[in-house]
Protein chains: 2
Amino acid sequence: MNNKITIKDIAQIANVSIATVSNVMNGTGRVSSTTSAKVNKVIQEMNFAPSASARNLKDKKSHLIAVVVPLLEKGMIQDNPFYWELVRGVEKGARNHQVQIMLLGIDETENFSFVKTRHLDGLIVVGVFERSSSYEQILNLGVPCVFLDSYLSDPELHQVCLDDEAGGYLGTKHLLGLGHQNIAILTGKLQEGGVNYFRYQGYLRALRENGITKNDKLVFEESSSIQGGYQAAQKVSSYADGISAIFAFSDVSAMGLIRGLYDMGWAVPRDISVVGFDDIFYTQYMIPSLTTISQDVAHKGKVAVTMLLDQIDGITCNDKYITVPVSLVVRQSTISNTKG
Amino acid sequence: MNNKITIKDIAQIANVSIATVSNVMNGTGRVSSTTSAKVNKVIQEMNFAPSASARNLKDKKSHLIAVVVPLLEKGMIQDNPFYWELVRGVEKGARNHQVQIMLLGIDETENFSFVKTRHLDGLIVVGVFERSSSYEQILNLGVPCVFLDSYLSDPELHQVCLDDEAGGYLGTKHLLGLGHQNIAILTGKLQEGGVNYFRYQGYLRALRENGITKNDKLVFEESSSIQGGYQAAQKVSSYADGISAIFAFSDVSAMGLIRGLYDMGWAVPRDISVVGFDDIFYTQYMIPSLTTISQDVAHKGKVAVTMLLDQIDGITCNDKYITVPVSLVVRQSTISNTKG
DNA sequence: CTGAAAGCGCTTACAG
DNA sequence: CTGAAAGCGCTTACAG
């Protein structure tokens, strides 16, 4: 094939120097409009696409950013479709700004050499913890970053976070309002400083406001997956006739939980009310449809790209820490407490 | 930061030439083990990561492949989580082989210049049609490609397809076996040569085998999304008391359909049996769980990478066309026809 | 307004 | 076994 067309060929055909061709392409320097038109015509005709490698070698800019997503144990990227919505948002945002994205799954063994190797312009990092090896590594890179759902204490870091505490509060409040007293939570790893931790804080605040003392037995800590939710159902149902409502910190685990309860003869919301978190695309189509805490994930992705690109372009934004709002969406999975 | 370390620095510190450093890194040429050890030590200590740009400029290889996914009208990548499972499979496969992936959404205006610009080693293209502009463009690129779910007639093309015809057949056969006669289908665009087309052919074959003449009124062509399925419910229920079963050509549309029917007072499977397609992660957790045609999407992604990399490395495989098998998974959404 | 030339950081024959 | 040098395809001062 003819992917070997270079700036030299264009220069030769257009009868100008390569410097001129370069200037035309980049709108730099002073070029007469006739020359410019002539060169552009040749570029068109030859279907010339300048080599990014050569450019990067000079510029040290790649116009490539990476979306870095944690790996599941099995070496696969997270399966929660939540990540897909996020990535889709990032892709769209990036496309609008002429940069392209790489997708990378990482675990604690990752050394991030690809960032230097590829001269990546920046990173969008999803869900790292403060004291993880990945976190350290990323900071040492000294490359523009935006962290998503990561809650890092360093105020200099650019972050986009959800108002998780409010989400935890809203969901709990909703259940309390329906007369539920023994409200269980189904959460993924409850690591301090993590997403679930803040949701849990919101839960506790709502309880306090209502003068309810917390009961650690009502905290079910399971893998935050659909299977995890399913497994939790056994524990939940075997534990307690007292539990009239449960707040799951992700929609996928809520779905697994509901199905698990169903298999044990419990109907939602008749026997127990369930609240989810995320407002994943299918929640309103579930039977019963799921009451959940809604967030605009795709928007989050777009915000992250915008922040990152500003940062790359050296535009300082006054708000390094952006909190995306949450809202409660009431559907069929929650009803008034009938157990008295 | 010190991302400015180059091969020169390493050479200087290790007291050798840059050629030697290069040879050590690439295992090329003849290097004494002492020199090699010395150089490697310095590389380690300096945390040196060679520039991909410089390398690519010489090699014309980027160790980058792109996953190309069709765009929805709204400029976003497809929202079906099916794509996420696929991309995850590709990512894992790529990671195991030291190449990295770019994710790109494309529409008919895409000119694919990024392929030449970035010297991409290859492309994994999902769901293009034979006579689309994208298809033409991609062929002209002359770059290694693997097409997924695309059904292209050129036997020289590398493709990974599902046995869609068999899937359509199996699902229909299952319903026939349960005594259903008026079996409707809910399909996305029924374009000749497309995925849905083949599933439809399988459906027809099963009907023929049972001596049932096809009825075009039983074909509901809707957007292949969860919303599309939901909307179809009205048409399905208003049409026909005769319909006792419906075969949806995607799980997401099946979910929307079931919910839509539910909202009109129809229960699945009591009033109507439903079969889906894909075996998306949540199907077994739905209430009722969904009978569906199963395919191993992540595996499909991995097969595609392997094929692509072989092709890039010039390894000719005898099988350019790989068909991934399907199987029927019977769950709760289908029961015997009770309408007589 | 235009062009000759250096240089980005590598790899690869080619000498030695 | 090791190194000097050319060259990959661009961009960017610098002359003219």
Out of the residues in the stretch A:131-140 meeting the condition of being of a type outside the set (S, T, N, Q) and over 26 Å from A:Arg55 (Cβ atoms), tell me which one is farthest from the other protein chains (Cβ to nearest Cβ). A:Arg131
Reported set for the stretch B:59-69 where residues are surrounded by fewer than 19 Cβ atoms within 10 Å (Cβ to Cβ) and more than 9 Å from DNA strand D (Cβ to nearest atom) is B:Lys61
Output the residue which, of all residues in the stretch A:151-165 that are out of contact with any Phe, Trp or Tyr (no Cβ under 9 Å at 6 or more places or on another chain) and in contact (Cβ under 8 Å) with a residue 24 or more places away in the chain, is nearest to A:Ile293 (Cα to Cα). A:Ser153
Could you give me the residue pairs with C-beta distances under 9 Å whose first residue belongs to the stretch B:109-130 and is within 7 Å of chain A (Cβ to nearest Cβ), whose second residue is acidic (Asp, Glu) and open to solvent by 10 Å² or more (accessible area, probe 1.4 Å) wherever it lies, and which are 6+ apart or on separate chains? B:His119/B:Asp59
Specify the residue that is farthest from A:Val68 (Cα to Cα); the eligible residues are those in the stretch B:99-158 that are charged (D, E, K, R) and touching a strand residue (DSSP E or B) at 6+ places or on another chain (Cβ under 7 Å). B:Asp149
Can you tell me which residues in the stretch B:129-151 are open to solvent by 10 Å² or more (accessible area, probe 1.4 Å) and assigned to a loop (DSSP other than H, G, I, E, B)? B:Phe129, B:Glu130, B:Arg131, B:Ser132, B:Gly142, B:Val143, B:Pro144, B:Asp149, B:Tyr151
Could you look through the stretch B:67-103, keep only residues that are at the interface with chain A (Cβ under 7 Å from one of its Cβ atoms) and part of a strand (DSSP E or B), and pick out the one that is modelled with the lowest pLDDT? B:Ile77
Could you grab me the full set of residues in the stretch B:1-53 that are within 17 Å of A:Leu57 (Cβ to Cβ), away from DNA strand D (no atom under 13 Å from the Cβ) and open to solvent by 80 Å² or more (accessible area, probe 1.4 Å)? B:Asn3, B:Lys4
Output the residues belonging to the stretch A:196-213 that are surrounded by 13 or more Cβ atoms within 10 Å (Cβ to Cβ) and among the charged types (D, E, K, R). A:Arg199, A:Arg205
Name, by its number, the condition in (1) farther than 25 Å from A:Asn96 by Cα; (2) in contact with a Lys or Arg (Cβ under 7 Å, 6 or more places away or on another chain); (3) within 16 Å of DNA strand C (Cβ to nearest atom) that does not hold for B:Gly89. (3)
Is it fair to say A:Ile106 is more than 9 Å from chain B (Cβ to nearest Cβ), of a type outside the set (Gly, Ala, Ser), more than 16 Å from DNA strand C (Cβ to nearest atom) and in contact with a Gly (Cβ under 6 Å, 6 or more places away or on another chain)? no
Are any residues in the stretch B:225-241 within 14 Å of chain A (Cβ to nearest Cβ) and open to solvent by less than 40 Å² (accessible area, probe 1.4 Å), and if so, which ones? B:Ser225, B:Ile226, B:Gly228, B:Gly229, B:Ala232, B:Ala233
Per-region count, the stretch A:22-53, residues within 8 Å of DNA strand C (Cβ to nearest atom) and of a type in the set (A, V, I, L, M): 1
Out of A:Asn80, A:Asn56, which single residue is within 11 Å of DNA strand C (Cβ to nearest atom), closer than 30 Å to B:Lys92 by Cβ, touching a residue at least 60 places away in the same chain (Cβ under 8 Å) and open to solvent by less than 30 Å² (accessible area, probe 1.4 Å)? A:Asn56
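The values are calculated or read from the model by the stated rules, or taken from the named source; none is laboratory data. The model shown is predicted, which means the values in this text are computed figures rather than measured ones. Cβ coordinates were reconstructed from backbone atoms using ideal geometry, including for glycine residues, and neighbour counts include every protein chain displayed. Note: accessible area is taken over every heavy atom of the protein model, side chains too, but ligands, DNA and RNA are not part of it. Shrake-Rupley method; radii C 1.70, N 1.55, O 1.52, S 1.80 Å.
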